[in-house]
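Q: Below you'll find the structure I mean.
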Amino acid sequence: MQAQPQPLKDKREKKKKYTIKDWEQLPEGSKYELIDGELVMQAQPTLKHQELLITIGAALNGIFKGTKCRVFGEPAVRLSNREKDIFAPDLAVVCDEKKLTDGCIIGAPDLIVEIQSPSTAGRDRLLKFNAYKEAGVREYWIVDPIHQTVEVFFWQETDVPYQYSNTGKLKINIAGDAEIDLETVFQ
């Protein structure tokens, strides 16, 4: 009696797909994003990253103080057009309180800031870029701590980013004439 040939097994393991309900069950304070059904652990940010987050967040908070807009650091964001994703940008500004829940922002924030790191650069520039644009985020900043630059995408005007260096004044498009002095941010 001859042995029957065994079917070839797919060497790629199928990863479990997670849902928003799974993400909601994570322990409070867990640092995961849900991207296309995959839980992606966020790396511990560098000290420079943290310093930029606090400096930019404080500047935005000062600009939006007394307005209906609120500034959030590392919030969970569930975009209306993304059923399998929960993003955690470095900063988000939301001007519509109906988008705020206890657990996360539901819908497109008005402004999102991502501080780039080597491990997140690809997601920030491709996946999140496209998701934020499609969802209706009005303004998107990508901060590069190494080159001390900021790219600002203000999709209401153009798809071409505004480029700011470490010595310029960054215009906050959703806040009229308000600016942030980048020399202070990158000192």
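Q: Determine the sum of side-chain charges near residue 165: Lys and Arg each +1, Asp and Glu each -1, restricted to other residues whose C-beta is under 13 angstrom from that of residue 165.
A: Residues close to residue 165 contribute a combined charge of -3.
Q: For the stretch 45-185, compute Rg over Rh where Rg is the Cα radius of gyration and Rh is the Kirkwood radius from the inverse mean 1/r over Cα pairs.
A: 0.92
Q: Here's another thing I want to ask about it. Based on the Cβ-Cβ distance of residue 178 and residue 25, what FRET efficiency does E = 1/(1 + (r/R0)^6) give at R0 = 41 Å, to the nearest 0.05?
A: Once rounded, the FRET efficiency stands at 0.55.
Q: Now for a different question. Which residue, chosen from 184, 130, 165, occupies the Cα position most advanced towards the positive end of the dipole of the chain, where the dipole is computed from +1 (Lys, Arg) and -1 (Asp, Glu) charges on Cβ about the Cα centre?
A: Positive-end residue among those listed: 130.
Q: Here's another thing I want to ask about it. Which of the GluC sites (Glu not before Pro) across the stretch 73-164 are loop residues per DSSP, with 15 or fewer other Cβ within 10 Å?
A: Here the GluC sites (Glu not before Pro) that fit, given the DSSP loop and packing criteria, are 83, 157.
Q: Calculate the dipole size of the stretch 45-185 relative to its Cα centre from +1 charges on Lys and Arg beta carbons and -1 charges on Asp and Glu beta carbons; express the result in debye to the nearest 20.
A: So the magnitude is around 300 debye.
Q: Ok, one more. Residue by residue, what Karplus-based ³J(HN,Hα) values in Hz, rounded to whole numbers, does the stretch 173-182 have, using 6.51, -1.76 and 1.60 with θ = phi - 60° and x for Gly and Pro?
A: The phi angles translate into 4, 7, 10, x, 8, 5, 9, 10, 7, 6 Hz.
Q: Determine the calculated [θ] at 222 nm for the chain from helices alone, applying -39500 (n - 2.57) to every DSSP H run no shorter than 4 residues and normalising by the residue count; nearest 500 deg cm²/dmol.
A: -5000 deg cm²/dmol
Q: Would you mind finding the longest exposed-site-free stretch of the chain, with exposed trypsin sites (Lys or Arg not before Pro) meaning DSSP loop and at most 16 other Cβ atoms within 10 Å?
A: 85-187
Q: Hey, got a sec? Which chymotrypsin sites (Phe, Trp or Tyr not before Pro) in the stretch 103-187 land in a DSSP loop and have at most 16 other Cβ atoms within 10 Å?
A: Here the chymotrypsin sites (Phe, Trp or Tyr not before Pro) that fit, given the DSSP loop and packing criteria, are 155.
Q: Bin by bin, in steps of 10 Å, what percent of the Cα pairs in the stretch 143-187 do you find, going until the bin that has the longest distance?
A: In whole percents, the pair-distance histogram is 28, 54, 17, 0.
Q: Given the convex hull over the Cα atoms of the stretch 19-80, what projected area results after averaging over all orientations, in nm²?
A: With the hull built on Cα positions only, its mean projection is 5.7 nm².
Readers should treat all values here as calculations from the given coordinates under stated rules, not as data from a laboratory. Treat the numbers as computed from the prediction; the structure is a model and nothing was measured. Please note: Cβ atoms are built from the backbone with ideal geometry, for glycine as well, and neighbour counts cover all protein chains shown.
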